[in-house]
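Heads up: the structure comes next, in structure tokens.
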Amino acid sequence: MLRILLSNEQELLLSYLMAEAKTALEKKDRQLLILVPAQATFLMDRQIIEACHVAGYMHVRTMTFEKLTAQLLSEIGGRAKKSMSIEGLSLLSADAIGRLPMQALSMSKDPEIHKKTASFIRALMQEGISPERTQELSEKIGGTAGIKLADTAKIYQEIAEQLGKTPDYADMESLACENIRESEYVSSSDIIIYGFDVFPGRRIGYIDTLSQYTDVRLLLQGDENLSAVRRLAQLQNDIEIQHLEGKVERPLDIALAEERLFMGARAGDIKPENIRIFCTGTRETEIETAAAEILKYTQNHRMREVALVMQNPADYAHIIRDVFMKNGIPYFLGGKRSLSDSKSAEFVITALEAAEKWDDDAVLRLVKSGFLPITEEETEQLVIYMKEYGIRGFHMKREFRRGDTEKVEALRSRAVFPLLLLEEDMRGMKTAAERIASLRRFTHETQLAAKTEERAALFEDYGLAEEAGFEKQVMEKMESVFMQMELLLHRPLHAEEFRDILSSGFSGADISTVPPMSDQVQVGSITHGIYSDVHYVIIVGANDGVLPSANADGAQLLLPHETEMLCREEEFFPGTMDSDEQKRYIKRLIKNTKKLDICYNKEAGQPSYMIAQLLSIFPQMEIFGESMPVTIEGGLRMMARELRQGLLGAETKILPAYIKNLEARERLTSMIPQLTMKNIPASLTREAAKALYGGMKGSVSSIETYYSCPYRHYIEYGLRPQETESFEETAATTGTYAHAAMETLTRNILSAKEKWAELSDETLDEYVDKAAEQALFEHNREVMRESGRYAYLAKRLKEEVRYSAKAIRDQLMGTSIEVAGSEIGFGFWNDFTVKTPLGEIAIRGKIDRLDIAEADGEKYIRVVDYKTGNKGFELTELFYGVDIQLMVYLLAVLNLTKYRSAVPAGGFYFKINLPMVTPEDEYGERMKKYRMSGFLLAEKTAMEALDNGEKELFSMALRTSSDENMPIRSEAGFTREEMAAMLNYTKKLIGDAAVRIYGGNIEIRPLLLMDKLPCRYCPHLSICRVDDGNCMAKEGYKVGKQEILEALER
């Protein structure tokens, strides 16, 4: 017998259900089965316990339709028959989409297209719509919807053929229906169905069959126009339909809102007392406002009486977690999560990827996953070793031989052992069942189940019940996907194909989060949540286009208007939830509560027209702003915001409350100093500076770094943090190699006592080859020799050195220059010092090349520094102390006994490079690209001695003049007096820097020079936290030679 009990009041339906449960518990003559949606079973159990005042019960069972089917099949011996689940359908959909030619679905960029297709096909199956009928409908409606439907029909047909005699879940329900007459379980029970809004066609048939063998009561909120009522009436003529009568007391404003919302009718001059509208700035402040109102409400009520609802909970999940934890609000976010969200599933897919190709990224992710048979500390050690020695993915298969390998090799061996077994098992074409068997062995070797349980326990310890509940179901759901693959996929699969299909299966496997029994706020979707025993509803995100949404159910393939067209052809065609259906859910939510708050935020745009409707119904309704926090912790964010705004003269709201409360005042007191905090580190004492930097010593780069930013100097030369070295080539390391090769080349030529300018191409090539090979041995732990992928890079770098060496030779030919030294070190034995008020400071460095030229009885010296990047000499940079290298090199050479009488004639940067040239470029044009940048003694004799150009300089990028007294027109041309002044100025720069460094100055004051700030590429920004508000840069400006010389005279 089937009875349908209808009511517009959910409370009446629930009261009826609780009364029937209580009667069943008291009489104990027949079992009462209460069928509810999966996510409502725990809620229903809790309500029965509370309403019936029992600790537990035996004669009332709460279950889902799926559990009832399993019970029936176990009675008749059909439970052993395996069936296709939604996970299996998702697997087959992914397989078909990847193989079949289609017009729309295969071109979709939606990563979950297979999941949506599976969901849609399942809905078609449940309605009894065949693949043939689906194809027929696609041809009738045409257009975009027709194309999508035709693709679906093709996949549906493929799946039907693959299934053969394997049943899907709906088939299992049909099998159960066929054998209900034999079930004592059903005949000895009464059934009440509660909590559903719609039923697919096959489920309607299930209910009809059940009612033929036992008493079935269907409780629905609504009237006779509900689709379930109409469909059941088509099957049974004698259905008893009963309207539950009764009056539910609810506030007048709530009743009027439910009645007139979306109709626009006014409610007169009633000022609502139980409905409020809030307008906030952002989603974050929406949730902060909701938290404040929840805390006020729950001072006299239970948390579980509150429901926080929105269109899409995923948009708010992280904000709710943050704000509710700060305010101490327990909550449960209902809904489903994909198995692919779990770290365990990610580990399995990554392992398959790694075992297939030993891809660098996949292997590293696997090592870092925490699921391999090594500890967290051992994982860190292994990762550091991999980075230091450039261990790529495939290197993990081989024994480690570099560095201290004994311990780390043991770690590698343990870590990759399960992966090596998996690699062996996965080779070749194998069936899904064979590959699943290999995966099970792999998960057993890595103890994945035990580690997943540990994760669940850890979440529980931190009070994250939702995460713990999810983790507890992961391995069971994973095994379900494995079983579906074994059941449904019988053809041989490549490893990559298997991995893709399995990944799709994980994505399509949903895990329902089960609500705990504790007192918690219910959080979820307006249209998909089950909110029982709720008296206070807070709706957030009530913005235009969001609530109601044009397409609320993004999990469907078809849009509402497309579904509407299909419903004209097939009355109960499954489709999306349109705007009108959403309105019904919203009105039902309002109807079932006693207090309502609706919130929208300005960040998301205009308010929903639902708010305009409420303002129309209640002309006296006010719109409130953001609520004041209730707890001290919850208000800290708002307090910080107000304090910052207060500095700008804005009005504060929460500040008076913090001043009045003693505990809050203490928190406020601790925050106030941060308002006026300047990002100015305290200076070091002289003793601390000496202990940090050591004795009075420095280098060119340390002095330049200090003038660029004192704080950066403090970090790099005082604190000296070190990154783990990577066994790989970067722009910096390749430059180091080219520089080292050129230094080695210069040293080798000098050692052989050959003159560079006289070397033939063939001889120079031999020198270059030898120097490049020697540099490879000494460079970056021989990475370019060990790794084949750097072979081309090494070859190109050698060519850069080769062409640069020939350019240097050509620059030296015809001049008076002799290369007098290479890699000349200075300052390491205190042989080059600068006097300062604090004592002498030793400056250390190494000169790449020293050139000597003799003319007219004088000895001219020129220093050359090799660079691999673009580096030019700028007089302004010298003036501000950020480019003193060449001047310091000259000072260091002049400090040597044999060169003290020499004339400083210049300093230059030579770029090691392989410039772009065309066959049409003449020799002179090509050599211009090797011209050096620097400064030169502006004397004709020196110029002629150091360069072989006839009308213009051949080797140096300086402009010449016919003026005998000043043959260099560039501002980098100095007289002897000017050169001496610049050298003395360099000494002064070194002395001033030394006094400030050892005096403890570590201010955060980067040099802003010619619109360039060094912070842009500084790796220490997260330490100094430099910003415009708290740190003033030292501003420099471009200056000319005359201006600098005049400044030096002053």
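The values are calculated or read from the model by the stated rules, or taken from the named source; none is laboratory data. Keep in mind the model is a prediction, meaning the values are calculated, not measured. Cβ atoms come from the backbone with ideal geometry, glycine included; neighbour counts cover every protein chain shown.
The rows are residues; the columns are (1) within 28 Å of the chain's Cα centre (by Cα); (2) modelled with pLDDT under 80; (3) charged (D, E, K, R); (4) not in a loop (DSSP other than H, G, I, E, B).
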position: GLY78; (1), (2), (3), (4): no, yes, no, no
position: LYS82; (1), (2), (3), (4): no, yes, yes, no
position: GLY88; (1), (2), (3), (4): no, no, no, yes
position: LEU91; (1), (2), (3), (4): yes, no, no, yes
position: ALA94; (1), (2), (3), (4): yes, no, no, yes
position: ILE97; (1), (2), (3), (4): no, no, no, yes
position: PRO101; (1), (2), (3), (4): no, no, no, no
position: ILE121; (1), (2), (3), (4): no, no, no, yes
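So is ILE294 touching a helix residue (DSSP H, G or I) at 6+ places or on another chain (Cβ under 7 Å), modelled with pLDDT of 90 or more, more than 17 Å from ILE654 (Cα to Cα) and in a helix (DSSP H, G or I) or not? Spelling it out, it is not the case that ILE294 is touching a helix residue (DSSP H, G or I) at 6+ places or on another chain (Cβ under 7 Å), modelled with pLDDT of 90 or more, more than 17 Å from ILE654 (Cα to Cα) and in a helix (DSSP H, G or I).
The residue of region 414-470 that is modelled with the lowest pLDDT, among those that are touching a strand residue (DSSP E or B) at 6+ places or on another chain (Cβ under 9 Å) and hydrophobic (A, V, I, L, M, F, W, C), is ALA465.
Among helices (runs of 4 or more DSSP H) entirely within region 308-396, having at least 1 residues that are among the aliphatic types (A, V, I, L, M) and not assigned by TED's automatic domain parsing to the domain that holds ARG455 singles out 317-327.
Listed by first and then second residue, the pairs with beta-carbon distance under 7 Å, at least 6 apart or on different chains, first residue in region 133-162 and without any contact (Cβ under 8 Å) to a residue 12 or more places away in the chain, second part of a loop (DSSP other than H, G, I, E, B) and surrounded by 18 or more Cβ atoms within 10 Å (Cβ to Cβ), form an empty list.
Quick check on region 234-264: of everything there that is among the aliphatic types (A, V, I, L, M) and more than 53 Å from the chain's Cα centre (by Cα), which residue is surrounded by the fewest Cβ atoms within 10 Å (Cβ to Cβ)? Going through the qualifying residues, I end up with LEU235.
Quickly run through region 11-39 and pick out the residues that are part of a helix (DSSP H, G or I) and crowded, with 22+ Cβ neighbours inside 10 Å. Selection gives LEU17, ALA21, ALA24. Of the residues making up region 957-995, those that are of a type in the set (A, V, I, L, M, F, W, C) and over 19 Å from ALA902 (Cβ atoms) are ALA957, LEU958, MET966, ILE968, ALA972, LEU989, ILE990, ALA993, ALA994, VAL995.
The one condition from (1) at pLDDT 85 or above; (2) under 24 Å from LEU489 (Cα atoms) that LEU105 does not meet is (1). For region 533-545, the candidate set comprises residues that are at pLDDT below 90 and surrounded by fewer than 20 Cβ atoms within 10 Å (Cβ to Cβ); within that set, the residue that is nearest to SER608 (Cα to Cα) is ASP544.
When ASP519 is tested against (1) in a loop (DSSP other than H, G, I, E, B); (2) surrounded by fewer than 18 Cβ atoms within 10 Å (Cβ to Cβ); (3) modelled with pLDDT under 75, only condition (3) is not met.
Of the residues making up region 1003-1016, those that are under 35 Å from the mean Cα position of the chain (by Cα) and either crowded, with 19+ Cβ neighbours inside 10 Å or touching a residue at least 24 places away in the same chain (Cβ under 8 Å) (or both) number 8.
Within region 887-913, the set of residues being surrounded by 24 or more Cβ atoms within 10 Å (Cβ to Cβ) and either part of a helix (DSSP H, G or I) or not aromatic (Phe, Trp, Tyr) (or both) comprises MET887, VAL888, TYR889, LEU890, ALA892, VAL893, PRO904, ALA905, GLY906, GLY907. Inspection of region 979-994 finds no residue satisfying the criterion of being touching a helix residue (DSSP H, G or I) at 6+ places or on another chain (Cβ under 7 Å), assigned by TED's automatic domain parsing to the domain that holds ASP883 and more than 28 Å from HIS713 (Cα to Cα). Which one is surrounded by the most Cβ atoms within 10 Å (Cβ to Cβ) among residues in region 192-210 that are without any contact (Cβ under 8 Å) to a residue 40 or more places away in the chain and within 42 Å of the chain's Cα centre (by Cα)? Step by step, filter region 192-210, then rank; the result is PHE199. Among the residues here, LEU487 qualifies as closer than 30 Å to GLU161 by Cα, part of a helix (DSSP H, G or I) and touching a Gly at 6+ places or on another chain (Cβ under 9 Å).
For region 479-489, the criterion of being of a type in the set (Asp, Glu), in contact with a strand residue (DSSP E or B) (Cβ under 9 Å, 6 or more places away or on another chain) and modelled with pLDDT under 95 is met by no residue. Just one residue in the set THR431, THR405, THR452 is closer than 25 Å to ALA362 by Cβ, surrounded by 14 or more Cβ atoms within 10 Å (Cβ to Cβ), among the polar types (S, T, N, Q) and touching a helix residue (DSSP H, G or I) at 6+ places or on another chain (Cβ under 7 Å); that residue is THR452.
Cβ-Cβ distances below 6 Å connect the following pairs, each with a first residue in region 384-412 that is of a type in the set (Ser, Thr, Tyr), a second residue that is crowded, with 19+ Cβ neighbours inside 10 Å and not in a helix (DSSP H, G or I), and a separation of six or more residues or different chains: TYR389/PHE727. If the condition is being over 30 Å from GLY735 (Cβ atoms) and hydrophobic (A, V, I, L, M, F, W, C), then region 835-882 contributes LEU838, ALA855.
Scan region 409-432 and tell me whether some residue there is part of a helix (DSSP H, G or I) and under 26 Å from the mean Cα position of the chain (by Cα). No: region 409-432 contains no residue that is part of a helix (DSSP H, G or I) and under 26 Å from the mean Cα position of the chain (by Cα). One residue stands out among those in region 736-779 that are outside any helix (DSSP H, G or I) and of a type in the set (Gly, Ala, Ser): the one that is nearest to ALA794 (Cα to Cα), which is SER760. Out of the residues in region 866-878 that are in contact with a Leu (Cβ under 9 Å, 6 or more places away or on another chain) and in a helix (DSSP H, G or I), state the one that is farthest from ILE843 (Cα to Cα). Across region 866-878, the extreme among qualifying residues is THR876.
Filtering region 392-402 for residues that are closer than 29 Å to ILE436 by Cα and among the aliphatic types (A, V, I, L, M) leaves a non-empty set.
If you check LEU17 against the conditions, is it among the hydrophobic types (A, V, I, L, M, F, W, C) and at pLDDT 90 or above? When the stated conditions are applied, LEU17 passes them. Number of residues in region 956-1002 that are over 21 Å from LEU878 (Cβ atoms) and buried (at least 17 other Cβ atoms within 10 Å of the Cβ) equals 6.
The set of residues from region 958-987 being assigned to a loop (DSSP other than H, G, I, E, B) and touching a residue at least 40 places away in the same chain (Cβ under 8 Å) comprises GLU971, ALA972. Could you say whether any residue in region 156-170 is surrounded by fewer than 18 Cβ atoms within 10 Å (Cβ to Cβ) and over 47 Å from the mean Cα position of the chain (by Cα)? No, because not a single residue in region 156-170 is surrounded by fewer than 18 Cβ atoms within 10 Å (Cβ to Cβ) and over 47 Å from the mean Cα position of the chain (by Cα).
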